[in-house]
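Inspection log for the structure reproduced underneath, given as structure tokens.
What follows draws every value from the coordinates through simple rules; no lab data is involved. Please read these numbers as outputs of a predicted model, since none were measured by experiment. Every residue, glycine among them, receives a Cβ derived from its backbone with ideal geometry; neighbour counts consider all protein chains shown.
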Amino acid sequence: MIDVTVPMEQEGTKAVVRAWLKQIGDRVEENDPLVELETDKVAMEVPAPAAGVLREIVLASDAEALPGAVLGRIDPAGDHAAKAPPLDGEGLGRGGVSENTQLSSKATLTQPSPIEGEGLRELRLSPSVKRALRQHDLDHSAIEGTGRGGRITRADVDRAVASGTTRPPEGIIPATTGDPSTALGTDIRSHSVPHDRMRLAIAANMAGSLRDAPHVTAVFEADFSAIIAHREAHKAAFAKKGVKLTYTAYLVAAAAEAMKVAPAINSRWHDDRLELYDDINIGVGTALGTKGLIVPVLRKVQQLNLKGIAAGLDELVEKARKEKLTAAEVKGGTFTISNHGVSGSLFAAPIIINQPQSAILGVGKLEKRVVVREVGGVDTIQIRPMAYVSLTIDHRVVDGHQTNAWLSRFVEVLESWPRD
């Protein structure tokens with residue numbers, strides 16, 4: 001028997017089994033998608049390590065999957081017509097669950113009867129997709145799947161919701177939880193929306209970051225005139241090469257340059273030492289609508305020019321919004337940028353640090369403001385494109401001097417960006 005195991009490297013606080021794509025007794029070929037895992041950051045498919053027959057499912061849907069844990073077992077000498085494992089316990093271990101294996105109560109122990117057409121399509125829905133279909137009262141048969149083999153993904157459901165194909169719920173359920181003596185009133189109606197795994201993981205990570213790290217935020221103001229001029233002069237040339245030039249690319253480049261004056265910003269706190277990173281791997285917070293936030297990571301930014309940064313960001317953000325990021329693309333960040341201004345926010349504080357990093361940059365909404373500028377020794381009133389930029393730091397790692405030095409250099413790079 002060949003073990004199917006959870007990959008040793010995964011990004012996220014905890015992985016769970018989302019769905020099995022094969023059932024006991026099914027014939028599989030090497031590298032066939034076998035089981036879907038889901039963490040708070042990504043979903044991934046575990047391929048079959050060898051050809052054979054799936055004999056055992058050790059971890060069923062919704063079971064926690066630790067790195068290296070056995071998910072199931074494949075019999076490389078089996079054939080497609082093999083019998084299902086006995087249900088009375090006799091011989092258990094030759095084709096079913098061994099006596100020493102703890103199996104979730106939701107595991108499928110018998111070979112299901114053949115299912116064709118829509119029945120098979122429904123069987124292959126992941127738990128998160130099923131939950132979303134129930135929540136929005138959608139019929140899976142009316143949704144076109146874009147996943148492997150035509151499977152419906154969570155993104156497919158979200159697109160159906162956005163297109164207005166959902167049916168309103170039949171009624172709103174009155175709130176019944178909590179102590180009636182403290183209720184806001186008997187005439188208040190509400191309904192519950194279950195937390196998904198991503199939201200629960202984000203909540204745990206954010207609460208843990210605030211608990212462990214003393215947060216301090218410094219705020220500067222940046223004039224975007226120089227980078228606006230550069231972008232207007234070069235975005236067409238970039239586009240001809242298939243690269244979308246965004247303001248975020250300039251922010252990433254300026255952040256990498258600012259690390260030279262305050263290297264501790266790009267570090268990790270340990271109880272006995274400070275680990276300073278030589279590589280600058282910058283994560284960019286990407287909103288996924290109501291589903292939460294994911295942070296794809298652009299690696300070794302210190303080695304990239306503006307075109308390389310722009311191309312890398314374009315690819316990562318596109319994959320994030322299509323839920324196509326791999327585990328490697330959301331791990332290993334050493335610094336994070338939260339461009340919260342794209343949704344209209346002028347300023348946010350504190351922006352919670354993405355632990356175990358030591359700092360996070362916040363960039364507010366870009367808008368025209370009246371400012372005073374000295375020209376030839378005379379104060380003048382001008383209208384400039386301005387934005388608030390903030391650096392929230394772990395005060396265990398750096399103090400105000402390094403924080404302000406970093407922000408000063410960051411703003412200087414943006415405001416002095418050459419036109420050519």
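Computed values, structure above
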{"read-out": "Formal net charge of residues neighbouring ARG384 (Cβ-Cβ distance under 13 Å; K, R +1; D, E -1)", "value": "-1"}
{"read-out": "Summed side-chain charge close to LEU414 - residues other than LEU414 whose Cβ falls under 14 Å, Lys, Arg +1, Asp, Glu -1", "value": "-1"}
{"read-out": "Spin-label model distance (nm) - GLN382 vs ASP137, 7 Å beyond Cα toward Cβ", "value": "5.8"}
{"read-out": "Residue exposure sequence - HIS340, HIS395 - by fewest surrounding Cβ within 10 Å", "value": "HIS395, HIS340"}
{"read-out": "Burial ordering of THR246, THR380, THR5, fewest other beta-carbon atoms within 10 Å first", "value": "THR380, THR5, THR246"}
{"read-out": "Members of LYS322/LYS365; LYS260/LYS307; LYS300/LYS331; LYS331/LYS365; LYS235/LYS307 lying beyond 18 Å, as alpha-carbon distances in this model show", "value": "LYS322/LYS365; LYS260/LYS307; LYS331/LYS365"}
{"read-out": "Which of ALA253, LEU276, LEU288, positive extreme of dipole for the range 198-415 (C-beta unit charges)", "value": "LEU288"}
{"read-out": "Spacing of the two label points (7 Å from each Cα toward its C-beta) at VAL261 and GLU144, in nm", "value": "5.3"}
{"read-out": "Alpha-carbon centroids, the range 338-382 and the range 196-226: separation in whole Å", "value": "16"}
{"read-out": "Selection from THR380, LEU391, GLY364 lying farthest towards where the dipole of the range 357-415 points positive, charges on Cβ", "value": "GLY364"}
{"read-out": "Stretchable slack from ALA69 to LYS324, in nm (0.36 nm times residue separation minus alpha-carbon distance)", "value": "89.4 nm"}
{"read-out": "Packing rank of 256-264, 197-205, where each peptide gets the mean count of other beta carbons within 10 Å, highest leading", "value": "256-264, 197-205"}
{"read-out": "Test item: Cα-centred dipole of the range 263-420, Lys/Arg +1 and Asp/Glu -1 on Cβ, debye", "value": "520"}
